[in-house]
Amino acid sequence: MADFSLLFFSITASQLLIVAAVILQVLMLGIFWVSFRKLKKSYQTQIEDLQSYVNAVNQGAIGIGKRLIRVEKQLTQQNTRISAYANSVKPVSTPSSSKPLEEENVVVSIMKKTGLGRAEAQLLSRIQSGQKATAI
């Protein structure tokens, strides 16, 4: 076997190969360590970005939820007001409430056209409309 002298040490070829293998492994470990740290930093940055994105979405959802609750309260209040108003207003039947006025207009029109008195004009109006004539 060949014998190598290095400063004060005498090294054989197999010992030199072992030393070279150890140095190579240390270098490879260093390279892996550096790349691992870069990868770790990259992942940490991505995680922080995702956390900030999740926080932003969460805050937006909370804001939308608050707005939705406020709108629901307003709708409930308006529904209560509308119900109270609807219960306070008495229904008025338009045809029956305007019927006497219409009859009066017809009676006045007949009086003007024919020169008859009110009683006769009312009788004539009721006959034309198909109502029973009642004694006045």
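The values are calculated or read from the model by the stated rules, or taken from the named source; none is laboratory data. A quick note: this is a predicted structure, and the numbers were derived from the prediction, not measured. Don't worry about glycine lacking a Cβ; one is built from the backbone with ideal geometry, like all the others, and counts go over all protein chains shown.
The residue pairs whose first member lies in the range 101-119 and is in the same structural domain as SER129 (by TED's automatic domain parsing), whose second member is in a loop (DSSP other than H, G, I, E, B), and whose beta carbons are closer than 8 Å, counting only pairs six or more residues apart or on different chains, are ILE110/LEU116; MET111/GLY117; ALA119/ILE136.
Considering VAL71, VAL92, VAL54, VAL108, the condition of being within 30 Å of LEU123 (Cβ to Cβ), at pLDDT 80 or above and either among the aliphatic types (A, V, I, L, M) or loosely packed, with under 10 Cβ neighbours inside 10 Å (or both) is satisfied by VAL108 alone.
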